[in-house]
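The values are calculated or read from the model by the stated rules, or taken from the named source; none is laboratory data. For clarity, every value in this text was computed on a predicted model and none was experimentally measured. Here the Cβ positions follow ideal geometry from the backbone for every residue, glycine too, while neighbour counts run over all protein chains shown. Surface accessibility is based on the protein's heavy atoms, side chains included, excluding ligands, DNA and RNA. Shrake-Rupley method; radii C 1.70, N 1.55, O 1.52, S 1.80 Å.
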Amino acid sequence: MPPSKEKALVVLSGGQDSTTCLYWAINRFGRAQTCSVTFDYGQRHRLELDCAANIAEHAGVSNECLPIDTFAALGGDALTDTDIAVENNAVSAGSLPNTFVPGRNIVFLTFAAAYAYQRGIVHLVTGVAQTDYSGYPDCRDETISALQTTLRLGIESDIVIHTPLMHLSKKQTVEMASDLGALPAMALTHTCYEGVRPPCGDCPACVLRAKGFAEAGIPDPLLAER
Ligand SMILES: [Zn+2]
């Protein structure tokens, strides 16, 4: 398929999944038609924001960092409240891990849609996935489909939310990154919940990332950096 003349906006967090999506968008829409936004939502690891900027620069697309400073004021999650330690255990039955920031993806995609609207962009790309993850309900296909309907109605736009990773395992996501030529950019990504570089290797995010690369039989470029 030749690159579309239509523009795409990628929600880039600085992590492995959104970076893969950035390359997916470049492949699908063309580099010149792809741009990215990153949300500064008061995340405990400011490193993510630098990573996103570096990845966008590496990929040759623009990146704008937009502030949303309300999540930290809401409290209760380990990603914006530095007094709460990240739960390293698997999710207990019937509950979400304390890394869940309620409504985060819904808010991100709503702001992204508004940003896109002002720039004549209808394609949004996000790295959410419902497989292999922590069970975050705002990453489910059903949530995203409903949100797309809401956004189309609410801002009178033909907005399309693309979720290239929705049904992929972490292994398949790593394979996709490899196929798209995104592996060099993986050295610039940040995944670790502890916010350390090199990554801690023990937190749920590190363990999941390592599992994906191991199953794909591909060395993680971030670890090769050591
Ligand atoms: Zn870690």
Next item on the list: Working only within segment 56-72, note down all residues that are touching a residue at least 60 places away in the same chain (Cβ under 8 Å) and open to solvent by less than 80 Å² (accessible area, probe 1.4 Å).
Entry: ALA59
Next item on the list: Name every residue in segment 21-52 that is buried (at least 18 other Cβ atoms within 10 Å of the Cβ) and of a type in the set (D, E, K, R), in order of residue number.
Entry: ARG28, ARG44, GLU48
Check: Inside segment 137-160, can you point out the residues that are open to solvent by less than 30 Å² (accessible area, probe 1.4 Å) and of a type outside the set (S, T, N, Q)?
Finding: ASP138, CYS139, ILE144, LEU147, LEU151, ILE159
Next item on the list: Scan segment 161-179 and give yes if some residue there is basic (Lys, Arg), outside any loop (DSSP other than H, G, I, E, B) and open to solvent by less than 20 Å² (accessible area, probe 1.4 Å), otherwise no.
Entry: yes
Next item on the list: Six or more apart or on different chains, Cβ under 8 Å: which pairs go from a residue in segment 183-203 that's without any contact (Cβ under 8 Å) to a residue 40 or more places away in the chain to one that's among the charged types (D, E, K, R) and within 10 Å of the ligand (Cβ to nearest atom)? Could you list them?
Entry: PRO199/ARG209; CYS200/GLU194
Check: Out of segment 198-214, which residues are near the ligand (Cβ under 7 Å from one of its atoms) and in a helix (DSSP H, G or I)?
Finding: ALA205, CYS206
Next item on the list: Filter the helices (runs of 4 or more DSSP H) completely within segment 1-102 down to those with at least 3 residues that are at pLDDT below 90.
Entry: 71-74
Notebook entry, point to check: In segment 207-221, which residues are in contact (Cβ under 8 Å) with a residue 12 or more places away in the chain and either over 21 Å from LEU22 (Cα atoms) or open to solvent by 60 Å² or more (accessible area, probe 1.4 Å) (or both)?
Noted result: LYS211, GLU215
Margin query: Would you confirm, using the coordinates I've provided, whether THR173 is touching a residue at least 60 places away in the same chain (Cβ under 8 Å), touching a strand residue (DSSP E or B) at 6+ places or on another chain (Cβ under 7 Å) and more than 16 Å from the ligand (Cβ to nearest atom)?
Written below: no
Note to self: Please determine whether any residue of segment 139-146 is among the aliphatic types (A, V, I, L, M), assigned to a helix (DSSP H, G or I) and either within 14 Å of the chain's Cα centre (by Cα) or more than 15 Å from the ligand (Cβ to nearest atom) (or both).
What the structure shows: yes
Notebook entry, point to check: Tell me, which residue of segment 180-197 that is crowded, with 21+ Cβ neighbours inside 10 Å and part of a loop (DSSP other than H, G, I, E, B) is nearest to the ligand (Cβ to nearest atom)?
Noted result: CYS192
Notebook entry, point to check: Out of (1) more than 18 Å from GLU48 (Cα to Cα); (2) within 16 Å of the ligand (Cβ to nearest atom); (3) of a type in the set (Asp, Glu), the odd one out for GLU156 is which?
Noted result: (2)
